Amino acid sequence: LHLRRLPLQQRDLLLSPPPRQRAEGEEGEVTWVLRSSQDPSTVMQTRVCSLCCVSSASSSQPAASCCMHSALGPPLAAQDPAGHQNSMLKGKRVIVTGASSGIGEQMAYHLAKMGSHILITARTEEKLKKVVAQCTHLGAASAHYIAGSMDNLTFAKQVVHKAENLFGGLDMLILNHIGHTYFGYFDGNVDHVRDLLKINFLSYATMTVAALPMLKISNGNIVVVSSVAGKIGLPLTVPYSTTKFALDGFFSSLRMEFIQQKTNVSITLCIISYIDTDSALKTVSGVIQQPAAPKEECALEIIKGGFLRKREVYYQYHATKIPLLLRDWAPEILQSLLLMNYNMDNFQRKEV
Ligand SMILES: NC(=O)C1=CN([C@@H]2O[C@H](COP(=O)(O)OP(=O)(O)OC[C@H]3O[C@@H](n4cnc5c(N)ncnc54)[C@H](OP(=O)(O)O)[C@@H]3O)[C@@H](O)[C@H]2O)C=CC1
Ligand SMILES: CC(C)CCC[C@@H](C)[C@H]1CC[C@H]2[C@@H]3C(=O)C=C4C[C@@H](O)CC[C@]4(C)[C@H]3CC[C@]12C
């Protein structure tokens, strides 16, 4: 149990005396009976979600449902053989952008297995149709697509309105798409940076604004897929990195405002390292020395992070957290390590 995640008041109750496991609740949950060290007459029963390990509790009576997930529905139920927490987002209404391939496609499949209502989007209709068919096959409560380009901000709003018409509301907005750019030294083309900002950043802000009324009603989640290149400056990705840093500025500030305004909509910024999507492998293999992490696992970690209302997700943890610690404490060491990660002999300007 990650007791440190609990509010101080509850932590005191949990830590002393040590909690005693009393009974197994529903699968995926455990019921604990706790007694306060200061006032032993205070008995607290709490159900703890096995996924997030954060408890919700009320004095002298059982908690109605698991922790912060009460906002998202019932606690976790059974896990499928593949290890899916398959009711995590059951019945929830989710938009996934950039879901015709790569990590977005894998997120759609995980959500389908969990029984969500899914609306996916990207430009290529043929690919979207195939992903929707696969989602239906995997058990999605419903699966839909809308094709279009995010360089058109009117289209970005239309996606949200389509979800409203289809589902009558929205629980989770997963912003994942990226526009095409080059993997190479900055060519001085600032117009390209502006165009990429529109796709990778302004469309995210536009969709967030359009979806906010629905997310406020559902106490929902905004999930923003960023990159280690959105926290640390790296060579060969100047336009891309610019757009990802912009996401951090916008969404981290917005998160703080939500807290001040008591807006119960979570914002999860996902800091992702090198992943084995077709586009990434095609673009950087041979140049980047480190191995690529699996897209299926990456997709699940992003969804879990959003569901758990985490501030940030780090995937893979070691490949993102350690460089981030070095960034602030030993930037010169980080710089040397990063440069060693690039095989510039194999480098040739490639399209992303
Ligand atoms: N793969 C990696 O190594 C890493 C990826 N990430 C992040 O993960 C996310 C997904 O990356 P990944 O799966 O590799 O990317 P992919 O290239 O596999 O997928 C990109 C998706 O965006 C869509 N897309 C492209 N251009 C547009 C456009 N103009 N308008 C709307 N949709 C568009 C694509 O579909 P279509 O072409 O049909 O429009 C596709 O569905 C991104 O946010 C990326 O920054 C972060 C770190 C590392
Ligand atoms: C430990 C780390 C700090 C080391 C650096 C890791 C570097 C090499 C990793 C981290 C983030 C990665 C890029 C990324 O975020 C997204 C994309 C888009 C995709 O379509 C094509 C590949 C690309 C450009 C990735 C290229 C490789 C990057 C720069």
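Here are some notes:
- Looking across region 250-285, the residues that are aromatic (Phe, Trp, Tyr), within 20 Å of Ser227 (Cβ to Cβ) and away from ligand 2 (no atom under 16 Å from the Cβ) come down to Phe250, Phe251.
- The listed residue being in the same structural domain as Val225 (by TED's automatic domain parsing), touching a helix residue (DSSP H, G or I) at 6+ places or on another chain (Cβ under 6 Å) and of a type outside the set (Val, Ile, Thr), out of Leu128, Leu166, Leu111, Leu153: Leu153
- Evaluation of Ala299 against the conditions (1) more than 13 Å from ligand 1 (Cβ to nearest atom); (2) among the hydrophobic types (A, V, I, L, M, F, W, C); (3) within 13 Å of the chain's Cα centre (by Cα) shows that the sole unmet condition is (1).
- Of residues in region 110-148 being within 18 Å of Val224 (Cα to Cα) and not β-branched (Val, Ile, Thr), the one nearest to ligand 1 (Cβ to nearest atom): Ala122
- Filter result (of a type in the set (Gly, Ala, Ser), open to solvent by 40 Å² or more (accessible area, probe 1.4 Å) and either closer than 18 Å to Gly98 by Cβ or not assigned by TED's automatic domain parsing to the domain that holds Ile103 (or both)) within region 279-335: Ser279
- Counted residues, region 230-240 - those being touching a helix residue (DSSP H, G or I) at 6+ places or on another chain (Cβ under 7 Å) and surrounded by fewer than 21 Cβ atoms within 10 Å (Cβ to Cβ): 4
- Counting the residues of region 94-136 that are open to solvent by 50 Å² or more (accessible area, probe 1.4 Å) and in contact with a Phe, Trp or Tyr (Cβ under 8 Å, 6 or more places away or on another chain) gives 4.
- Any hit, region 198-221, residues being more than 22 Å from Ala99 (Cβ to Cβ), within 16 Å of ligand 2 (Cβ to nearest atom), open to solvent by less than 10 Å² (accessible area, probe 1.4 Å) and out of contact with any helix residue (DSSP H, G or I) (no Cβ under 6 Å at 6 or more places or on another chain): no
- Selection count where residues are within 17 Å of the chain's Cα centre (by Cα), in a loop (DSSP other than H, G, I, E, B) and within 11 Å of ligand 1 (Cβ to nearest atom), scope region 264-276: 2
The values are calculated or read from the model by the stated rules, or taken from the named source; none is laboratory data. Since we're looking at a predicted model, the values are computed, not measured. Ideal geometry is used to build each Cβ from the backbone, glycine not excepted, and the neighbour counts take in all protein chains shown. Side chains included, ligands, DNA and RNA excluded: accessible areas come from the protein's heavy atoms. Shrake-Rupley method; radii C 1.70, N 1.55, O 1.52, S 1.80 Å.
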